[in-house]
Amino acid sequence: MVGLGRLVLLGAPLGNPADASARLRDVLGTADVVAAEDTRRLSRLARDLDVMIPGRIVSYFEGNEERRTPELVEMLAAGQLVALVTDGGMPSVSDPGYRLVRAALDAGVPVTAAPGPSAVTTALALSGLPCDRFCFEGFLPRASSARRSRLRTLATEERTLVLFEAPHRVAAALADLADAFGADRPAALCRELTKTYEEVLRRPLGELARWATEGDPRGEITLVVAGAPAAPATRPDDDALRAAVAEHEAAGLSRRDAITAVASALNLRRRDVYAVVHQV
């Protein structure tokens with residue numbers, strides 16, 4: 001009885017073929033089937049890497065993934081090794097892949113990855129903005145009203161934001177970002193990462209919006225935007241502070257420890273809470 005095959009997600013170079021991993025080369029040279037977002041780009045990458053792909057090459061992109069996914073799952077169920085590669089970066093991350101991964105898992109097929117470059121983390125690292133906490137929003141809505149609505153919900157997000165945008169929409173997107181987040185919010189526009197004309201502009205949103213309007217941005221663009229400043233803590237009124245301390249005391253804490261707990265929780269100075277509790 002033929003066992004199940006395996007699905008391998010390949011992290012492809014963003015632009016520079018030298019970024020390809022040894023595992024990517026090995027999988028391309030041994031896979032029974034290679035599903036590619038763009039078969040011509042795959043052929044070019046194989047030439048650059050001097051790799052011969054002996055397996056069957058099939059297209060797998062947004063327009064045909066719904067139809068092609070069941071076909072690929074059948075191949076996996078028949079014991080074949082299927083590799084999935086997009087134009088650059090990791091499959092499933094704003095690229096085709098999620099549908100096939102989910103279908104393979106539902107069919108009990110093992111799924112693994114030959115990890116590689118990612119425009120998300122590359123842009124984040126190059127941006128000069130905080131990287132300890134971030135969120136990836138992918139592509140913003142194309143319609144201006146929907147885009148502005150989405151940005152209004154993100155305006156108070158304190159984590160660094162990473163976005164993808166098409167060059168012909170980036171000027172409008174940056175203008176909406178500056179309007180929703182403020183023209184002074186720090187940001188970075190990363191264009192053509194790892195390619196010959198790589199460019200990283202680190203400027204406030206308002207300046208980037210003007211740059212995009214006056215120029216003609218081309219190539220693949222990733223935007224990184226600083227998170228919103230943390231909202232200042234609102235100090236409760238005196239009655240609320242006394243009530244909070246009393247609640248801790250009722251739970252068994254000494255007054256001293258209750259005051260310390262309330263001060264710490266509200267980011268207040270202990271002596272200020274003490275003064276309120278003991279004021280006559």
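The values are calculated or read from the model by the stated rules, or taken from the named source; none is laboratory data. Keep in mind that this is a model prediction, so the values were computed, not measured. Cβ atoms come from the backbone with ideal geometry, glycine included; neighbour counts cover every protein chain shown. Surface areas here come from the heavy atoms of the whole protein model, side chains and all, with no ligands, DNA or RNA. Shrake-Rupley method; radii C 1.70, N 1.55, O 1.52, S 1.80 Å.
Given 5 Å bins starting at zero, what is the percent of C-alpha pairs of segment 132-251 in each, up to the one with the largest pair distance?
Distribution as computed: 2, 11, 19, 20, 14, 8, 5, 5, 5, 5, 4, 3, 1, 0 percent.
Considering amide H positions built from the backbone, and no H for Pro or chain starts, which residues 5 or more places from residue 89, or on another chain, come under 5 Å of its amide H?
Under 5 Å from the amide H of residue 89 lie the amide H atoms of 12, 14, each far enough along the sequence or on another chain.
In vacuo Debye scattering of segment 1-109, one point per C-alpha: log10 I(q)/I(0) at q = 0.14, 0.23, 0.24 Å⁻¹?
Rounded to two decimals, the profile gives -0.49, -1.30, -1.40.
Quick check on segment 97-183: what are the equivalent-ellipsoid semi-axes from the Cα gyration tensor, as sqrt(5λ), descending, whole Å?
29, 17, 13
What is the distance in Å between the Cα centres of segment 58-84 and segment 151-189?
36 Å
Over the Cα atoms of segment 56-102, what is the Rg over Rh ratio if Rh follows Kirkwood?
Value, to two decimals: 0.93.
Report, in cubic angstrom per residue, the convex hull volume of the C-alpha atoms of segment 199-266.
Residue-normalised Cα hull volume stands at 143 Å³.
Normalised by the empirical 2.2 N^0.38 Å for globular proteins, what value does the Cα Rg of the chain take?
For the chain, the normalised Cα radius of gyration comes out at 1.38.
For the chain, what does the accessible surface come to per residue with a 1.4 Å probe? Please give it in Å².
53 Å²
Which one of 234, 138, 193 is farthest out on the positive end of the charge dipole of the chain, using unit charges on Cβ (Lys, Arg +1; Asp, Glu -1) and the Cα centre as origin?
Highest projection toward the positive end goes to 234.
Determine the relative contact order of segment 64-173: mean sequence separation of Cα pairs under 8 Å and six or more apart, normalised by residue count, in whole percent.
After rounding, I find 21 percent.
Label residue 64 and residue 202 with points 7 Å out from Cα along Cα→Cβ: what is the distance between them in nm?
4.3 nm
Tell me, what HN-Hα J-couplings in whole Hz come from the Karplus equation 6.51 cos²θ - 1.76 cosθ + 1.60 at θ = phi - 60° for each residue of segment 59-70, using x for Gly and Pro?
7, 8, 9, 3, x, 10, 5, 5, 6, 7, 4, x
How large a share of the accessible area of the chain, in percent, is made up of carbon and sulfur atoms when the probe is 1.4 Å and the other protein chains stay in place?
Taking all protein chains in place, the chain shows 50 percent carbon and sulfur surface.
Averaged over every viewing direction, what's the projected area of the C-alpha convex hull for segment 27-71? Give it in nm², one decimal, please.
Average of the hull's projected areas for segment 27-71 equals 3.1 nm².
So what J values fall out for segment 21-37 if you push phi through Karplus, 6.51 cos²θ - 1.76 cosθ + 1.60 with θ = phi - 60°, rounded to Hz, Gly and Pro as x?
Going residue by residue, I get 7, 5, 5, 4, 4, 4, 5, 4, x, 10, 5, 6, 9, 10, 9, 10, 4 Hz, with x marking Gly and Pro.
Check which residues have an amide H placed less than 5 Å from residue 114's amide H, if you skip close sequence neighbours.
Sorted by chain and number, the residues that satisfy this are 9, 10, 11.
Output the peptides 208-217, 162-171 sorted from most to least packed, where packing is the average of other Cβ atoms within 10 Å over each peptide's residues.
Per-residue Cβ counts within 10 Å, averaged per peptide and sorted highest first, yield 162-171, 208-217.
In segment 1-98, which GluC sites (Glu not before Pro) fall in coil by DSSP and have 12 or fewer other Cβ atoms within 10 Å?
62
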